[in-house]
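Novice: Mind having a look at this structure? Questions to follow.
The values are calculated or read from the model by the stated rules, or taken from the named source; none is laboratory data. Because the structure is a prediction, the values reported are computed rather than measured. Cβ atoms come from the backbone with ideal geometry, glycine included; neighbour counts cover every protein chain shown.
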Amino acid sequence: MPRVLVVEDDAAILDAVAYNLEADGHEVLRAADGVAGLDTARSAQPDLIVLDVMLPRMSGLDVCRILRDEQAVPILMLTARTGEADRVQGLDLGADDYVTKPFSMRELRARVASLLRRDRLSREAGSEQREPAAVLAAAGITLDATAHEVRRQGELVTLRPREFELLEFLMRHPGQALTRELILEAVWGFSYAGETRTVDVHIRWLREKLEDDPSHPAHILTVRGVGYKFAP
């Protein structure tokens, strides 16, 4: 039974979301503010978090930023803000998806199911495709898939789980122009129209950690009108 943490300060919305997710067979944990949500996420290790942006004590954006450095848990943001900049900010911080208030419970349930499914498929694909002691090395970057380590010029580089998977996918296809849609499908395990911005954000994070000059990358390159490629 998937365990879903819902962090929402509006009691009516919290009850409605919990009721519907429980009806879908999920175990639902509740928190009414950001600090309680962060503590519960750390202690309970849920399979997915539904996280409101506007929360007392600590904002949902701050909770997302902290958790993304600690866990690979899928995060679905709830936001009353409709501007693109606000939605992109959540994606920049590592959120996997968002729903804008007011929303239908049918849409929320579908988004939750999609996130859980793609996370499961991504984990299964990763465990099936990786070979023991598989090491990729190019452009001064060494990726050890078994140890789940990346080194740049011999120095250990800390990557988030999704950043690691993205780098591995790029390095396994050196010199190939890969579309954002293909990357999204391969690394995140789903195709979601309009959400390729997630790929751009993670590419930027990789460049900041692996390129000498992130604004003028030498190895993680943009292919104009297509997507990205790794140039060894």
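Novice: Are any residues in segment 188-226 among the hydrophobic types (A, V, I, L, M, F, W, C), part of a helix (DSSP H, G or I) and modelled with pLDDT of 85 or more, and if so, which ones?
Specialist: Of everything in segment 188-226, those that are among the hydrophobic types (A, V, I, L, M, F, W, C), part of a helix (DSSP H, G or I) and modelled with pLDDT of 85 or more turn out to be VAL199, VAL201, ILE203, TRP205, LEU206, LEU210.
Novice: A follow-up question, please. Tell me, which helices (runs of 4 or more DSSP H) lie completely within segment 1-92 with 1 or more residues that are within 20 Å of the chain's Cα centre (by Cα) and farther than 27 Å from LEU121 by Cβ?
Specialist: Hits in segment 1-92: 34-44, 60-68, 84-92.
Novice: Pick from ARG123, ARG130, ARG118, ARG109: which is out of contact with any strand residue (DSSP E or B) (no Cβ under 7 Å at 6 or more places or on another chain), surrounded by 13 or more Cβ atoms within 10 Å (Cβ to Cβ) and at pLDDT 90 or above?
Specialist: ARG109
Novice: Out of GLU165, GLU185, I need the residue that is closer than 19 Å to VAL73 by Cα, modelled with pLDDT of 85 or more and touching a Ser or Thr at 6+ places or on another chain (Cβ under 8 Å). Which one? Walk me through how you get there before you give the answer.
Specialist: Numbers: GLU185 fails: modelled with pLDDT of 85 or more.
The match here is GLU165.
Novice: Under 7 Å by Cβ, and 6 or more places apart or on different chains, what pairs join a residue from segment 187-200 that is in the same structural domain as VAL223 (by TED's automatic domain parsing) and on the phi > 0 side of the Ramachandran plot with one that is modelled with pLDDT of 65 or more and surrounded by fewer than 17 Cβ atoms within 10 Å (Cβ to Cβ)?
Specialist: Hits for this filter: GLY189/LEU121.
Novice: Among residues belonging to segment 170-182 that are among the aliphatic types (A, V, I, L, M) and either in the same structural domain as ASP92 (by TED's automatic domain parsing) or modelled with pLDDT of 90 or more (or both), point out the one that is surrounded by the most Cβ atoms within 10 Å (Cβ to Cβ).
Specialist: Filtering first and then ranking leaves LEU170.
Novice: Out of all the residues in segment 151-177, which are part of a strand (DSSP E or B) and either under 19 Å from the mean Cα position of the chain (by Cα) or among the small types (Gly, Ala, Ser) (or both)?
Specialist: VAL157 - this is the single residue of segment 151-177 that is part of a strand (DSSP E or B) and either under 19 Å from the mean Cα position of the chain (by Cα) or among the small types (Gly, Ala, Ser) (or both).
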